[in-house]
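Worksheet: one structure, shown below.
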Amino acid sequence: MKYTRITALAAISLAATLSLTACDNGSGQDSSSKDSSSAAASSSDGGSKQESGSSESGSGSASSSSSSAGNAATKDSSGSGEGTEARAGAANGGTASSGKLPICKTADLAIDAADASPDGKAGVIDITMVNRGSATCSASGYAGVDITDTDHTSEPITRGKAVPRITNLKPGDAAVFNLSYTIDPTGKSYTHPTKLEVTPPNETHTVSVKWPAGAGQVKGSYVGVEVYPTHNK
């Protein structure tokens, strides 16, 4: 009888232990499931918010870039910067907004010739052009020159081998170009020049200038005389 009572108590104790163990396992599983569900929901919300923020940031960057491009286009189209013509004008010696300078007109130039020979062999004549006009002009290039002889014939002068320089003349400025030839020291030259017919660069009107007094005689014919480009004096 005593043995039966002990066995019954043991069975009751075992049943109680199993019941508590089963309850604890169920509670732990529920808690784990709830925690997992909360973590998943939090992760989903965070990802959605992050993607939304990235999208808004990208939109802001695109808007900023578009605005900057628009401002640049507006600035260029408004002409606030120097254009091609302005830069070309500056390169030609004018102001940044003047563009290409007009040519120096014959009527606005005071033209004179002088003997500039360094010795009795090399003949050099300097022809000077002074801008008497009221505006800056271009005298760049080769002038046309004919030599008139005592027999009233004239001979065009050929160009020497030289690269023209940019020669711009402000009012009162002077440009010069040269004639070169070989001097005949014998005094028996067949040529007797009296005048120079000068046409400034890019012009069509001619002016007569006296052959410089004291200049050496030209050896041979006028074929050996050469004219060189203008340059600032």
Original post:
What single numbered condition from (1) farther than 16 Å from residue 105 by Cα; (2) touching a residue at least 60 places away in the same chain (Cβ under 8 Å); (3) of a type in the set (Ser, Thr, Tyr) fails to hold for residue 206?
Top reply: (1)
Subject >> Filter result (closer than 19 Å to residue 153 by Cα and not in a helix (DSSP H, G or I)) within region 213-226 >> reply: 217, 218, 219, 220, 221, 225, 226
Subject >> Enumeration of residues in region 156-178 that are buried (at least 17 other Cβ atoms within 10 Å of the Cβ) and either farther than 17 Å from residue 109 by Cβ or at pLDDT below 95 (or both) >> reply: 157
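Here are some residues: 170, 233, 161. Which one is without any contact (Cβ under 8 Å) to a residue 12 or more places away in the chain and under 43 Å from the mean Cα position of the chain (by Cα)?
161
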Subject >> Neighbours by Cβ (under 9 Å, 6+ apart or cross-chain): first from region 129-147, basic (Lys, Arg); second surrounded by fewer than 22 Cβ atoms within 10 Å (Cβ to Cβ) and modelled with pLDDT of 95 or more >> reply: 132/107; 132/108; 132/110; 132/171; 132/172
**OP:** Only residues that are assigned to a strand (DSSP E or B), surrounded by fewer than 19 Cβ atoms within 10 Å (Cβ to Cβ) and under 39 Å from the mean Cα position of the chain (by Cα): list them for region 179-205, please.
**Re:** 180, 199
Original post:
Can you pull out the residues in region 97-125 that are of a type in the set (Asp, Glu), within 19 Å of residue 228 (Cβ to Cβ) and either in a strand (DSSP E or B) or in contact (Cβ under 8 Å) with a residue 12 or more places away in the chain (or both)?
Top reply: 112, 115
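Would you call residue 128 over 39 Å from the mean Cα position of the chain (by Cα) and either in a strand (DSSP E or B) or of a type outside the set (Ser, Thr, Tyr) (or both)?
No: the conditions fail for residue 128.
The values are calculated or read from the model by the stated rules, or taken from the named source; none is laboratory data. Fair warning: this is a prediction, and the values are worked out from it, not measured in the lab. Don't worry about glycine lacking a Cβ; one is built from the backbone with ideal geometry, like all the others, and counts go over all protein chains shown.
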